[in-house]
Ligand SMILES: Nc1ncnc2c1ncn2[C@@H]1O[C@H](COP(=O)(O)OP(=O)(O)OP(=O)(O)O)[C@@H](O)[C@H]1O
Ligand SMILES: [Mg+2]
């Protein structure tokens, strides 16, 4: 599996990568986001939202599973499936995955069987207080293209 790696030295850099990504996504795109506590998942999602032009504050959907932000270029569906009790339980995820917006799924491995086969898997690793390693694993040619563009941009920066 092809994998693309980014190192960031500040929260702003992580946010900037997410913002660049936001310019390339299209309706029905699905992004999974995994990482330890404080790795930067929310920072990343906020960057994505900002890049989409979403003005509402984005925070963790802890008590709701899904939060919807519809005031940007594309709707953003932010899911935290940590509290899904039964992994097989169908909460209508497919309507989001194939819908009019982009979906970011935190703790996605908990609903592995329900994820679309084409998607972008992102993992954020805590290296030290301000350094993060972000890996992107694209499944499907659309996501491979996005990753290649992001890498090219980060190299030319
Ligand atoms: N390179 C970096 N990338 C992202 N965040 C960074 C970086 N360096 C420092 N930080 C800080 O790390 C923290 C990341 O917190 P954030 O809430 O985004 O993590 P999280 O993965 O959502 O955590 P949680 O699992 O608690 O929801 C922020 O305080 C941010 O400022
Ligand atoms: Mg968070």
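How about the stretch 116-131: which of its residues are in contact with a helix residue (DSSP H, G or I) (Cβ under 6 Å, 6 or more places away or on another chain) and assigned to a loop (DSSP other than H, G, I, E, B)?
Hit for the stretch 116-131 is 116, nothing else.
Among the residues of the stretch 128-138, are any within 13 Å of ligand 2 (Cβ to nearest atom) and at pLDDT 90 or above? Outline the logic, then answer.
Here is the first cut: in the stretch 128-138, the ones within 13 Å of ligand 2 (Cβ to nearest atom) are none.
No, the stretch 128-138 has no match at all.
Residue by residue, here is whether (1) assigned to a helix (DSSP H, G or I); (2) more than 9 Å from ligand 2 (Cβ to nearest atom); (3) surrounded by 18 or more Cβ atoms within 10 Å (Cβ to Cβ) holds:
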residue: 21; (1), (2), (3): yes, yes, yes
residue: 32; (1), (2), (3): no, yes, yes
residue: 37; (1), (2), (3): no, no, no
residue: 47; (1), (2), (3): yes, yes, yes
residue: 53; (1), (2), (3): no, yes, no
residue: 58; (1), (2), (3): no, yes, yes
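Looking only at the stretch 1-19, which residues are surrounded by fewer than 20 Cβ atoms within 10 Å (Cβ to Cβ), closer than 21 Å to residue 55 by Cβ and more than 16 Å from ligand 2 (Cβ to nearest atom)?
12, 16, 19, listed by residue number.
Out of all the residues in the stretch 75-100, which are more than 15 Å from residue 114 (Cβ to Cβ) and within 14 Å of the chain's Cα centre (by Cα)?
75, 76, 78, listed by residue number.
Does residue 134 qualify as being within 13 Å of the chain's Cα centre (by Cα), part of a strand (DSSP E or B) and over 16 Å from residue 81 (Cβ atoms)?
Working: within 13 Å of the chain's Cα centre (by Cα): yes; part of a strand (DSSP E or B): yes; over 16 Å from residue 81 (Cβ atoms): yes.
When the stated conditions are applied, residue 134 passes them.
Give the residues of the stretch 39-65 that are within 13 Å of ligand 1 (Cβ to nearest atom) and touching a strand residue (DSSP E or B) at 6+ places or on another chain (Cβ under 7 Å), sorted by residue number.
39, 40, 41, 44, 45, 48, 49, 58, 60, 61, 62, listed by residue number.
How many residues does the stretch 69-90 hold that are loosely packed, with under 14 Cβ neighbours inside 10 Å, more than 16 Å from ligand 1 (Cβ to nearest atom) and touching a residue at least 12 places away in the same chain (Cβ under 8 Å)? Give the derivation first.
Narrowing the stretch 69-90 to residues loosely packed, with under 14 Cβ neighbours inside 10 Å: 70-71, 82-83, 85-90.
Cutting the leftovers down to more than 16 Å from ligand 1 (Cβ to nearest atom) gives us 70-71, 85-90.
Subsequent filtering for residues that are touching a residue at least 12 places away in the same chain (Cβ under 8 Å) retains 70-71, 87-88, 90.
Of the residues in that region, 5 qualify.
Exactly one condition in (1) part of a helix (DSSP H, G or I); (2) surrounded by 12 or more Cβ atoms within 10 Å (Cβ to Cβ) is not met by residue 64; state its number.
If we test residue 64 against (1) part of a helix (DSSP H, G or I); (2) surrounded by 12 or more Cβ atoms within 10 Å (Cβ to Cβ), just (1) comes out false.
Can you tell me which residues in the stretch 74-114 are closer than 19 Å to residue 45 by Cα, part of a loop (DSSP other than H, G, I, E, B) and modelled with pLDDT under 95?
The one that is closer than 19 Å to residue 45 by Cα, part of a loop (DSSP other than H, G, I, E, B) and modelled with pLDDT under 95: 107.
Could you tell me whether the stretch 25-32 includes any residue that is touching a strand residue (DSSP E or B) at 6+ places or on another chain (Cβ under 8 Å) and within 16 Å of ligand 1 (Cβ to nearest atom)?
For the stretch 25-32, residues touching a strand residue (DSSP E or B) at 6+ places or on another chain (Cβ under 8 Å) and within 16 Å of ligand 1 (Cβ to nearest atom): present.
Give 41, 9, 24 a once-over and let me know the one that is within 11 Å of the chain's Cα centre (by Cα) and modelled with pLDDT of 95 or more.
Working: 9 fails: within 11 Å of the chain's Cα centre (by Cα); 24 fails: within 11 Å of the chain's Cα centre (by Cα).
The conditions single out 41.
The values are calculated or read from the model by the stated rules, or taken from the named source; none is laboratory data. Keep in mind that this is a model prediction, so the values were computed, not measured. FYI the Cβ positions are ideal-geometry reconstructions off the backbone, even for glycines, and counts take in every protein chain you see.
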